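Notes for the one structure printed next.
The values are calculated or read from the model by the stated rules, or taken from the named source; none is laboratory data. Quantities reported herein were computed from a predicted structural model and do not represent experimental measurements. When we count neighbours, we look across all protein chains shown, and the Cβ atoms used for this are built from the backbone with ideal geometry, even at glycine. The accessibility values were calculated without ligands, DNA or RNA, using every heavy atom of the protein model including side chains. Shrake-Rupley method; radii C 1.70, N 1.55, O 1.52, S 1.80 Å.
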Amino acid sequence: QVQLVESGGGLVQAGGSLRLSCAASGRTFSNYAMGWFRQAPGKEREFVAGISWGGGRTSYADSVKGRFTISRDNAKNTVYLQMNSLKPEDTAVYYCTAGPFYGSTSRASYDYWGQGTQVTVSS
């Protein structure tokens, strides 16, 4: 029903920047919240950032506030995660996701997931 395709991951040094993109396809997207989760080795998948697809509201995990920015381009059905001032602890697989309720930080609240893109931050 909804497919999510991620791009933009890679290897950067600490203090650098990356922009992740997630292109969505399928039926209507106006009422879907979009977001990013990440999963580091040995850790649970955790919420990073969310955006209301139609409303423009955003939320962030405390660990990334002030450094990461989530945005959208509805004409392209694409969400972005601009990551600045990257730290080694940001190293993780980043997953794009879509679900019905903006504001949720629970993995179970999201219905669709991308395959993930690796972000590695070296010191």
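Can you name the residue in the range 36-87 that is on the phi > 0 side of the Ramachandran plot and loosely packed, with under 13 Cβ neighbours inside 10 Å and, of all such residues, is modelled with the lowest pLDDT? Once the filter is applied, the top-ranked residue is G56.
Can you pull out the residues in the range 42-60 that are closer than 12 Å to A92 by Cβ and assigned to a loop (DSSP other than H, G, I, E, B)? G42, K43, E44, R45, listed by residue number. Quick one: in the range 88-109, of everything that is under 13 Å from the mean Cα position of the chain (by Cα), farther than 16 Å from G26 by Cα and not polar (S, T, N, Q), which residue is most open to solvent (accessible area, probe 1.4 Å)? The residue in question is R107. Checked against the criterion of being among the hydroxyl-bearing types (S, T, Y) and not in a loop (DSSP other than H, G, I, E, B), the candidates T69, T105 yield just one match: T69. Hey, any hits in the range 50-65 for a residue that's among the basic types (K, R), without any contact (Cβ under 8 Å) to a residue 24 or more places away in the chain and in contact with a Ser or Thr (Cβ under 7 Å, 6 or more places away or on another chain)? Checking the range 50-65: not a single residue is among the basic types (K, R), without any contact (Cβ under 8 Å) to a residue 24 or more places away in the chain and in contact with a Ser or Thr (Cβ under 7 Å, 6 or more places away or on another chain).
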